[in-house]
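Structure record follows, encoded as structure tokens.
Values quoted throughout were computed directly from the atomic coordinates according to the rules given, and no laboratory measurement underlies them. Computed from a predicted structure; not experimentally measured. Cβ placement follows ideal geometry from the backbone for every residue including glycine, while neighbour counts extend to all protein chains displayed.
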Amino acid sequence: MSVETAWLAQPKLRFARLWWALGWVLVAVIVTTSLERNTPSFTHDMNDKVLHFLGYSSLALWFGALARRSRYVVVGTLLILLGAALEVAQGFMGIGRTADWRDLLANSLGVVVGLAVCYAGLGMWMVWVERLFRLQK
């Protein structure tokens, strides 16, 4: 690896499996709350689009920290497809949830912003956490 590209390499995480597992738990929470009959009670005072943006930017920050920079487009595409699939599912549910293109837009903007933050330098946050707690080898 050349000196110019060495900073692009993602250091190995000691607890990578745990980080991945927690990421999938985050995905499961978003899928579950997206497909519930009624919106969760803690969200009634918040703007729906803000929640979509925050949820998907969180996913992008999480999985962006697990992926190499060269994979950010793949991560972003998969997260946007997840949001689209959930919106389509809400449209077909017929139990009070509806599909809304503005939700998909908020999801997509959250993904773009989350990955942009990773690209700008915060994509190493998991490594920093492991180092902070002296969990790195």
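Sparsely packed loop sites in region 41-121 (the trypsin sites (Lys or Arg not before Pro) outside DSSP H, G, I, E and B with at most 14 other Cβ atoms within 10 Å) comprise ARG68. The gain in end-to-end length when the LEU35 to VAL50 segment is fully stretched comes to 3.6 nm, 0.36 nm per residue minus the alpha carbon separation. Model label points for TRP20 and LEU81, set 7 angstrom from Cα along the Cα-to-Cβ axis, are 1.8 nm apart. Backbone phi angles across region 110-119, fed through the Karplus curve with coefficients 6.51, -1.76 and 1.60 (θ = phi - 60°), yield HN-Hα couplings of x, 4, 4, 5, x, 6, 5, 5, 4, 5 Hz in residue order; Gly and Pro are listed as x. 3J(HN,Hα) couplings calculated from phi for region 58-72 with the Karplus curve 6.51 cos²θ - 1.76 cosθ + 1.60 (θ = phi - 60°) are, in sequence order, 5, 4, 5, 5, 5, 6, x, 6, 8, 9, 6, 4, 5, 9, 4 Hz; Gly and Pro show x.
The string of couplings for region 76-83 from the Karplus curve (6.51, -1.76, 1.60, θ = phi - 60°) is x, 4, 5, 5, 5, 5, 4, x Hz, one whole number per residue in order, with x for Gly and Pro. A DSSP coil position with no more than 10 other Cβ atoms inside 10 Å describes the following chymotrypsin sites (Phe, Trp or Tyr not before Pro) in region 41-137: PHE133. On the beta carbon distance between ALA99 and ALA120, with R0 = 35 Å, the FRET formula returns roughly 0.60.
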